There are 2 protein chains.
Amino acid sequence: MSFDKMEELIQTRKEAYLEQLFVLLRQKSISTQNLGIYECAELLKGMMEELGINTRLIETKGHPVVYGEMINHENAFTLLLYGHYDVQPPEPLEDWVSPPFEPTIREGRIFARGAGDNKGQLMAQLLGIKTYIDAFGDLPVNVKFVFEGEEENGSVNLPAFVEENKELLKADVVFTADGSSHNSGSPLILLGVRGMVAIELNAKGSDWDNHSGNTGNILPNPVWKLIDLLQTMRDRDGKVLIKGFYDHIRKPSEQEKELLRSLPYDAENIGEKIGYPSLTMDGETYYRKLTMEPTFNICGMESGYAGEGIKTIIPSTATLKMDIRLVVDQDPIDIFNKVYQHVEEHAPEVEVKFLGSMHPSRTSADLDIVKVVTEAVHQAYQKEPLIQPSLGGSLPDYVWTKILGAPSIIVPYANFDQRNHSPNENIELDYFFNGIKSICHVIHSLGEFSKNS
Amino acid sequence: MSFDKMEELIQTRKEAYLEQLFVLLRQKSISTQNLGIYECAELLKGMMEELGINTRLIETKGHPVVYGEMINHENAFTLLLYGHYDVQPPEPLEDWVSPPFEPTIREGRIFARGAGDNKGQLMAQLLGIKTYIDAFGDLPVNVKFVFEGEEENGSVNLPAFVEENKELLKADVVFTADGSSHNSGSPLILLGVRGMVAIELNAKGSDWDNHSGNTGNILPNPVWKLIDLLQTMRDRDGKVLIKGFYDHIRKPSEQEKELLRSLPYDAENIGEKIGYPSLTMDGETYYRKLTMEPTFNICGMESGYAGEGIKTIIPSTATLKMDIRLVVDQDPIDIFNKVYQHVEEHAPEVEVKFLGSMHPSRTSADLDIVKVVTEAVHQAYQKEPLIQPSLGGSLPDYVWTKILGAPSIIVPYANFDQRNHSPNENIELDYFFNGIKSICHVIHSLGEFSKNS
């Protein structure tokens with residue numbers, strides 16, 4: 001009963017574990033097209049039951065959550081594992097080397113839609129549980145499983161699901177295996193995400209486009225209306241001028257600053273990846289701006305005619321889309337209200353539309369449980385993990401930190417170049433098996449920690 | 001030999017004159033599609049020769065000019081008549097009550113593509129010449145005819161044509177029958193147009209669109225670049241801040257101001273026509289802003305994704321199109337250079353593209369020859385003409401005032417609701433015959449004036 005046994009089991013069961021994963025990968029489950037969702041949920045439920053997990057489907061307003069439990073110890077810690085069984089559409093099909101729903105091994109990788117995002121990582125969690133039990137005889141903690149079917153659709157029903165099932169889902173820590181490892185190959189620990197509020201601004205001039213000769217200087221131009229408004233919202237240095245926009249922002253702790261400083265950074269390499277060779281900022285600034293500061297981004301704008309040549313009109317409408325990334329403890333609804341209020345004051349005729357939002361999340365790197373998980377990952381990989389206090393992007397991580405009220409830790413099991421959402425999505429075999437080891441180590445360490453708390 | 005004779009001739013020849021017009025209307029001549037252009041030019045040449053006009057086609061880099069002359073008097077005035085034989089495409093065909101190239105009379109109007117714009121008005125000029133000769137025995141002035149075949153294509157080759165044929169085209173006054181009469185039904189005299197310069201601004205961020213979560217605060221946003229630039233170009237009251245933009249603007253004379261004050265104005269009616277019921281400015285302001293002041297209009301803008309929902313990206317490019325209307329004596333090239341210089345100073349990374357231009361034009365209302373024409377039109381219509389010192393829109397009128405160096409007068413013969421460029425284009429029969437009378441009166445008065453000068 002030991003980690004040696006665990007290693008041995010993984011070695012001898014490789015083929016069987018891969019076959020388990022392949023069964024799941026062969027089942028389509030495209031959430032945006034509602035293709036194979038129920039079939040996949042039922043399949044997953046069956047596989048979990050075979051592993052001895054008490055499993056059921058819980059309906060939501062959208063696709064069902066596959067919920068499972070292994071509750072053995074009244075006084076032990078409870079670990080909640082989150083993942084998703086839905087996948088992105090596979091198009092464009094012609095760019096796949098092997099068919100997206102026929103998993104194929106090439107060059108040490110499993111190619112299939114969902115290999116990295118998220119079926120491969122989800123299956124590593126499940127097979128890790130099985131391996132641990134077979135190696136150690138029993139789980140030292142309680143484990144709950146939440147696998148949703150709408151992550152690729154924005155997890156629209158997850159907040160309500162967590163809200164309605166708070167008691168059922170109660171846990172000491174939430175652990176997610178999703179996303180990509182760090183470029184450098186080091187294991188990565190993510191302790192939060194930026195939030196977001198998406199807003200549309202619409203300005204109107206006349207009821208239809210008019211000839212700019214016959215109405216130039218007579219009709220108001222909706223583009224100028226938006227430009228006049230936007231310059232009241234942000235100065236030329238990029239500072240947001242909306243009253244209270246920066247209220248509630250949690251300053252990074254000394255430890256978080258230290259973590260940001262320790263992250264590997266290669267400006268040239270990043271610049272190449274994002275098509276911006278002129279990237280010159282230093283690493284500390286880069287990670288601070290990316291993870292600890294809100295954005296005020298315009299992601300779309302349209303008015304009149306902007307094609308070849310010129311159309312001499314005064315446009316009747318102008319539309320602007322913004323996605324504003326938020327950091328803890330900014331509240332998306334509060335920020336939306338402040339933008340709304342600002343527009344009311346400066347350009348009341350401009351329409352403000354709410355397009356969607358997500359709360360930011362952050363789990364303190366100071367928590368003992370974070371240190372325990374970090375150390376477990378360290379042992380699993382025999383390599384010190386990088387700890388990033390926040391992702392630049394947005395995930396529904398706040399359902400755990402804010403609604404459920406539990407610390408949340410994200411450890412991506414997939415390789416950096418997993419090509420999720422793209423053709424030839426893949427997971428490296430080593431990364432898949434390392435994932436299995438990771439969850440074993442995490443469970444073991446949490447068990448020890450649980451005993452001693 | 002008198003105006004009574006002229007009236008009698010028009011009355012008895014109505015059917016014959018209409019048949020002449022119909023022959024021209026039946027011949028397609030769509031310049032943008034190069035359909036029937038040469039056929040129409042040859043047809044027109046033949047009709048002019050039958051009227052005794054010495055006619056030939058003069059090639060340009062585009063479609064030929066039909067040029068004609070009746071030079072009888074060494075010392076008399078020379079009148080140049082300008083018009084165009086090309087038409088707009090007739091689409092959408094299903095909206096025409098009768099086919100666009102089969103002229104049909106209904107409700108006192110001739111319906112056909114080109115009925116108002118410009119074959120009906122051009123033919124009224126020619127038939128007016130014939131009528132005058134038959135009523136009075138001889139023309140008291142020399143007449144030159146320039147009918148181009150590219151007006152609906154922006155008169156792209158007209159400036160070069162006039163430049164290269166200055167000696168041939170030499171004239172004391174240029175007279176154009178084009179456009180629509182005033183809403184009120186009064187005859188209208190136009191003494192100039194606004195010019196225009198069309199400009200495109202392009203800003204760039206990274207080489208491709210990037211995920212706004214992974215690059216928010218890291219990549220520059222091209223829309224913000226344009227907004228930051230635009231606010232250095234114009235203040236919130238609409239005043240243009242580009243150095244020297246307002247240089248060279250000719251102040252309206254006392255007489256021009258008086259003319260603007262005398263123009264009929266009905267804010268409610270105009271507001272309805274342009275889809276802007278909130279139009280409240282007074283008439284003097286309206287006409288001053290529309291004809292005596294430059295614009296700084298944005299006619300198109302596009303960046304990222306502005307469709308349904310949201311696409312969370314940092315766009316890689318942003319495009320803005322401007323058409324800046326100009327008044328005498330602003331020079332479009334000078335204004336373009338000033339915009340270019342301004343961008344060089346404030347945002348050198350933004351690309352400035354020249355998309356096209358047209359000079360403004362103005363003929364002084366103080367000239368005796370303008371008074372003579374005005375009085376002649378008054379007599380023809382038995383109604384005092386409205387004199388508008390400038391059109392809000394742009395026409396290549398500067399080829400006469402600036403290149404040829406002659407005063408230029410525009411008198412629209414077509415009814416206000418001629419629907420030019422649209423389905424069911426038409427000219428009222430009365431307006432067509434009044435056009436014939438107008439040119440007779442203008443020729444007669446110019447003859448008298450010529451004798452006395």
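What the table shows:
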{"item": "Shortest-first nm distances, residue B:183 label point to equivalent points in other copies (7 Å, Cα→Cβ)", "result": "6.2"}
{"item": "Among beta bridges that DSSP assigns inside the protein assembly as shown, antiparallel share in %, nearest 5", "result": "70 percent"}
{"item": "Charged-residue dipole, Cβ positions (Lys, Arg, Asp, Glu), region A:146-191 about Cα centre, Debye nearest 20", "result": "220 debye"}
{"item": "Shielded residues, region B:221-270 - accessible-area loss of 10 Å² or more between chain alone and all protein chains, probe 1.4 Å", "result": "B:221, B:223, B:224, B:227, B:228, B:230, B:231, B:232, B:234, B:236"}
{"item": "Protein accessible area in the protein assembly as shown, 1.4 Å probe - carbon and sulfur %", "result": "46 percent"}
{"item": "Calculated label separations, residue B:165, copies of the chain, 7 Å along the beta-carbon direction, nm", "result": "8.3"}
{"item": "Drop in accessible area of at least 50 Å² in the complex versus isolated chain, residues of region B:287-304, 1.4 Å probe", "result": "B:297, B:298, B:299, B:301, B:302"}
{"item": "Förster-model FRET efficiency, 56 Å R0, residue B:56 and residue B:285, C-beta, rounded to 0.05", "result": "0.70"}
{"item": "Magnitude of the charge dipole, the protein assembly as shown, Cβ model with Lys/Arg +1 and Asp/Glu -1, debye to 20", "result": "840 debye"}
{"item": "Anisotropy class of region B:399-453 from Cα gyration tensor, a/c 1.5 cut", "result": "oblate"}
{"item": "Mean accessible surface per residue for region A:50-159, computed with a 1.4 Å probe while every protein chain stays in place, in Å²", "result": "35 Å²"}
{"item": "Added length on full extension, which subtracts the Cα-Cα distance from 0.36 nm per residue, residue B:235 to residue B:166", "result": "20.5 nm"}
{"item": "Per-residue SASA entry for residue B:96, accessible area with 1.4 Å probe, Å² rounded to 10", "result": "20 Å²"}
{"item": "Given charges at Cβ of Lys, Arg, Asp, Glu: the protein assembly as shown dipole, positive-most of B:193, B:414, B:127", "result": "B:193"}
{"item": "Solvent accessible area, Å² - residue A:109, 1.4 Å probe, full protein context", "result": "40 Å²"}
{"item": "Chain-alone versus full-assembly comparison, region A:367-410, residues with accessible loss of at least 50 Å² (1.4 Å probe)", "result": "none"}
{"item": "Separation of alpha-carbon centers, region B:66-82 and region A:77-110, rounded to whole Å", "result": "82 Å"}
{"item": "Solvent-accessible area per residue, Å², over region B:406-452 with all protein chains present [probe radius 1.4 Å]", "result": "30 Å²"}
{"item": "Heavy-atom accessible area per residue - region A:302-396, 1.4 Å, Å²", "result": "41 Å²"}
{"item": "Protein heavy-atom accessible area occluded, B/A pair - total, 1.4 Å probe, Å²", "result": "5500 Å²"}
{"item": "Other copies of residue B:348: label-to-label distances in nm, shortest first, labels 7 Å along the beta-carbon direction", "result": "4.6"}
{"item": "Euclidean distance of C-alpha centroids, region A:266-331 and region A:132-167, integer Å", "result": "35 Å"}
{"item": "Cα gyration tensor category, rounded, prolate or oblate, for the protein assembly as shown with a/c compared to 1.5", "result": "prolate"}
{"item": "Test item: Cα-centred dipole of chain A, Lys/Arg +1 and Asp/Glu -1 on Cβ, debye", "result": "440 debye"}
{"item": "Residue among A:453, A:357, A:255 farthest towards the positive dipole end of chain A, charges placed on Cβ", "result": "A:255"}
{"item": "Chymotrypsin sites (Phe, Trp or Tyr not before Pro) within region A:4-57: DSSP coil, no more than 16 neighbouring Cβ in 10 Å", "result": "none"}
{"item": "FRET efficiency, residue B:98 to residue B:11 (Cβ-Cβ, R0 35 Å, nearest 0.05)", "result": "0.85"}
{"item": "Helical mean residue ellipticity (222 nm; -39500 (n - 2.57) per DSSP H run of 4+; nearest 500) of chain B", "result": "-11000 deg cm²/dmol"}
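The values are calculated or read from the model by the stated rules, or taken from the named source; none is laboratory data. Keep in mind that this is a model prediction, so the values were computed, not measured. Please note: Cβ atoms are built from the backbone with ideal geometry, for glycine as well, and neighbour counts cover all protein chains shown. Just the protein is used for accessible areas: all its heavy atoms, side chains included, with ligands, DNA and RNA removed. Shrake-Rupley method; radii C 1.70, N 1.55, O 1.52, S 1.80 Å.
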